[in-house]
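K.L.:
Sharing a structure below in structure tokens format, with a few things to ask.
The values are calculated or read from the model by the stated rules, or taken from the named source; none is laboratory data. Since we're looking at a predicted model, the values are computed, not measured. Methodologically, a virtual Cβ is constructed for each residue, glycine included, from the backbone with ideal geometry; neighbour enumeration extends over all protein chains shown.
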Ligand SMILES: NC(=O)c1ccc[n+]([C@@H]2O[C@H](COP(=O)([O-])OP(=O)(O)OC[C@H]3O[C@@H](n4cnc5c(N)ncnc54)[C@H](OP(=O)(O)O)[C@@H]3O)[C@@H](O)[C@H]2O)c1
């Protein structure tokens, strides 16, 4: 009896607090990226009574990438090829939409995309935005939220804070090569969230869309830390000193452009690190706990988990 109860408890632990009532085919854009992978992973952990479809640019290649995942379907989709939209959106009930980092000019790509979605009968969107998107009309996420709203979609906006994975992706080459992090972030505090947690929260929202329709969810971790504090934590974990260098935003932007970063991407990266200096400390939200029943992963736990990434 005891082990039976334990089994029931364990099985229910993995389920979202709210459940879907109907078949849902879910299309995940950005499927090969940080967040898309985590979303797919969490959706496939518990069958959704519909298909999970990875929206990818190269179907055959990504079938190999994801061959460890059972039950994933694939659809050809390219943000920059509007002829791919109708086929990809066919028979889709809910769209997980993100903005690839290099696309900063919203209207030319996302307006045709959203109109094609409507034409295909797709009316439900979970959009990956960013914490604080509502405060700044210049950032693309704000423009995209407004576009989605103005076109009358049923929408859920997910506004995550600063990804811990920035340390293992965008910032990694400098960390490995120079043992440093150079950003125009001054002493501003960032809220640190693990993309795994964003994936878990989005999976709940996609599965139980109707319950959360029109909602805005801030997915954050429990720690607000500046880059000096993070560099010290990394030094303790990695056993090698990591130094944080502050740089002014213009120099940072020029440096990134000279290193070959596209204009829009360099601008968004500069703003996302500079604007927090002008704003209050990020809000620590309880949305993740309420959606998943779990505590967010700490930066210490993340650094411990990813130790090898920094060393290889
Ligand atoms: N970094 C942060 O701290 C942070 C915080 C809050 C919000 N955000 C937002 O999160 C989003 C980025 O998420 P992420 O980190 O998961 O992105 P990511 O890892 O850079 O992945 C981007 C994804 O977009 C796909 N993609 C790029 N161009 C495409 C195209 N033309 N057609 C189809 N797919 C395309 C890529 O596929 P391929 O494999 O084919 O290239 C990849 O799957 C951005 O909007 C960012 O502003 C970031």
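K.L.:
Select from segment 164-184 the residues that are within 12 Å of the ligand (Cβ to nearest atom), farther than 17 Å from residue 265 by Cβ and in a loop (DSSP other than H, G, I, E, B) and list them in ascending order.
P.N.:
none
K.L.:
Working only within segment 126-155, note down all residues that are buried (at least 21 other Cβ atoms within 10 Å of the Cβ) and assigned to a strand (DSSP E or B).
P.N.:
Listed by number, the residues that qualify are 126, 127, 128, 155.
K.L.:
Kindly indicate which of 136, 120 is away from the ligand (no atom under 12 Å from the Cβ), touching a helix residue (DSSP H, G or I) at 6+ places or on another chain (Cβ under 7 Å) and at pLDDT below 95.
P.N.:
136
K.L.:
Looking at segment 69-91, I want the residues that are within 9 Å of the ligand (Cβ to nearest atom) and have a partner that is assigned to a helix (DSSP H, G or I) and at pLDDT 95 or above with Cβ atoms under 6 Å, at least 6 apart or on another chain. Which pairs are those?
P.N.:
77/84; 77/88; 78/84; 79/109
K.L.:
Considering each residue of segment 92-105, count those that are surrounded by fewer than 18 Cβ atoms within 10 Å (Cβ to Cβ) and more than 11 Å from the ligand (Cβ to nearest atom), and give that number.
P.N.:
1
K.L.:
Let me ask something additional. Looking only at segment 284-312, which residues are part of a loop (DSSP other than H, G, I, E, B) and more than 25 Å from residue 208 (Cα to Cα)?
P.N.:
298, 306, 312
K.L.:
Counting only residues that are on the phi > 0 side of the Ramachandran plot and surrounded by fewer than 16 Cβ atoms within 10 Å (Cβ to Cβ), how many does segment 180-218 have?
P.N.:
Residues meeting the conditions: 1.
K.L.:
Can you find even one residue in segment 124-135 that is farther than 20 Å from residue 291 by Cβ and either touching a strand residue (DSSP E or B) at 6+ places or on another chain (Cβ under 8 Å) or in contact (Cβ under 8 Å) with a residue 40 or more places away in the chain (or both)?
P.N.:
There is at least one residue in segment 124-135 that is farther than 20 Å from residue 291 by Cβ and either touching a strand residue (DSSP E or B) at 6+ places or on another chain (Cβ under 8 Å) or in contact (Cβ under 8 Å) with a residue 40 or more places away in the chain (or both).
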